[in-house]
Ligand SMILES: Nc1ncnc2c1ncn2[C@@H]1O[C@H](COP(=O)(O)OP(=O)(O)O)[C@@H](O)[C@H]1O
Ligand SMILES: O=C(CO)[C@@H](O)[C@@H](O)COP(=O)(O)O
């Protein structure tokens, strides 16, 4: 008998990453990455307006490319289940058949008819309005979302488009999260009512909660803005966790790649939530998924009845691990700050001597940058008079979302060099992480362990050591860079019945700890002073 295989697909900001796995041994048989082509050219984006949009064709083409890579030497017919995770909140306007408007000729070049990526902050004003109405309403719908509705989220983005693009508003039958649309596309679903919406995006980003009977009421949404009336009864009331089956794979994939028609697709979720499961999350262990941004994930048994933590991205039953309450917090820029610094320094050089730079030298400059500034930064002493930055280069996600904030710095002068700047940026990122840890502790939630995953922990031991020194905790790094896809594979293996539950699947498939970074006591002491300066700058 052929071995049954599962696939985990992780739709990140820039690319889709796929893993083909033997779910019994945990052996990875193939992996594949596909970068979004239009996104790579930054089409439909306008950073000056904080506008970041993704075309559905980018996802569709990348799925095909990843499948081609996974099946270079393996048979699609052996796959029994596929689970997916995506960024979020990344909603899109759809017609009555679940088709994003951008897939029609009329809207194919209209960014408002595409997916509004998580880091799109065009809806800041609309988020503020939702907060104002919610605080006056008979029930505060934001209470399970940390008490502050964010411009990164579902309703704020919908409202922004309702108001600013009449064509899209008139033609949108409803809206879907990317994490619901991808499973629907893989199943070829064209019936909106049949879409099994994921609890994770619904609870953290759309204010869904069992105690509210589902989503915020139509009366509430209409009080925020009358345009919501046109969408009344076109959303959902039930939600599902990723260990449940969404449907069977669509004929297109059976015909193109040779999948078995019985292959199941599971209910979706947001990337970091599956990443936490892939990293082997356990109660009171904070999993930090660190890349462009961070997502800080925690699970706690529902029976522990913890208080509502203010200023985070919410706490939702089953959003990470079914059967436990999943907490989400995070920073809206982490690696993105380092990338900003790299661009700041390298772009003028490239512009001035670009045409004289051979492709080899251009690549060398690009590849060597982080190595060089890391070497410079790591050799500098940590002193109480060091340069201090805040980490608000893309606003603040948590604690207490505020996307109107800008980064600031104190303490540079003529002697400041690139290494000092990079050191201060890494420390700023770590100060932001510490502020999140302190917010959990302020609500009496003890964090016993921290696991770091995502791209940065494996790329930069320096960054992880600074995190340990600033946060004052041991940080464990695991043996996989693909924990989000691995987490999805765990859900796939559970949903198709190979394992009875996620806990058992985790034992066989989740990543293992390979290195632990402990705080340096001397540096930890100095960082207390620098962190206090960060907090003062953050509040000025
Ligand atoms: N050596 C390094 N040190 C610190 N940051 C790095 C290094 N190499 C890459 N980065 C940062 O890693 C980020 C990408 O993280 P990654 O997890 O790979 O991607 P994504 O967030 O899209 O999933 C970029 O923002 C980049 O600035
Ligand atoms: O914002 C969220 C989750 O709330 C993520 O989807 C977002 O951070 C995606 O980041 P990555 O590109 O995976 O680093």
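If you model the chain as an ellipsoid using its alpha carbon gyration tensor, with each semi-axis the square root of five times an eigenvalue, the axes come out at 34, 28, 25 Å, biggest first. Can you give the log10 of the normalised intensity I(q)/I(0) at q = 0.13 Å⁻¹, computed with Debye over equal Cα scatterers of the range 166-225? The computed values of log10 I(q)/I(0) come out as -0.43. When both the range 381-404 and the range 147-208 are represented by their alpha-carbon centers, they are found 31 Å apart. From its DSSP helices (H runs of at least four residues, each -39,500 (n - 2.57)), the chain gives a residue-normalised ellipticity at 222 nm of -12000 deg cm²/dmol. Taking one quarter of the surface of the convex hull spanned by the alpha-carbon atoms of the range 424-485 gives a direction-averaged projected area of 4.5 nm².
Note on the range 13-61 and the range 515-540: Cα centroid distance 35 Å, given to the nearest whole angstrom. Given the C-alpha centroids of the range 288-325 and the range 458-502, what is the distance between them in whole angstrom? Using only Cα atoms to place each centre, the spacing works out to 15 Å.
Size descriptor for the range 72-141, Kirkwood hydrodynamic radius: 15.9 Å (Cα pairs only, one decimal). Working from the Cα coordinates of the range 335-429, the gyration tensor eigenvalues give, after taking √(5λ), semi-axes of 27, 18, 12 Å in decreasing order.
Here the Debye sum runs over all C-alpha atoms of the range 365-486 as equal scatterers in vacuum, and log10 of I(q)/I(0) at q = 0.10, 0.15, 0.20, 0.23 Å⁻¹ comes out as -0.36, -0.81, -1.33, -1.46. The convex hull defined by the C-alpha atoms of the range 383-432 has an orientation-averaged projected area of 3.7 nm².
Since every read-out is calculated from the coordinates, none of them should be taken as a lab result. These numbers come from a predicted model, not from an experiment.
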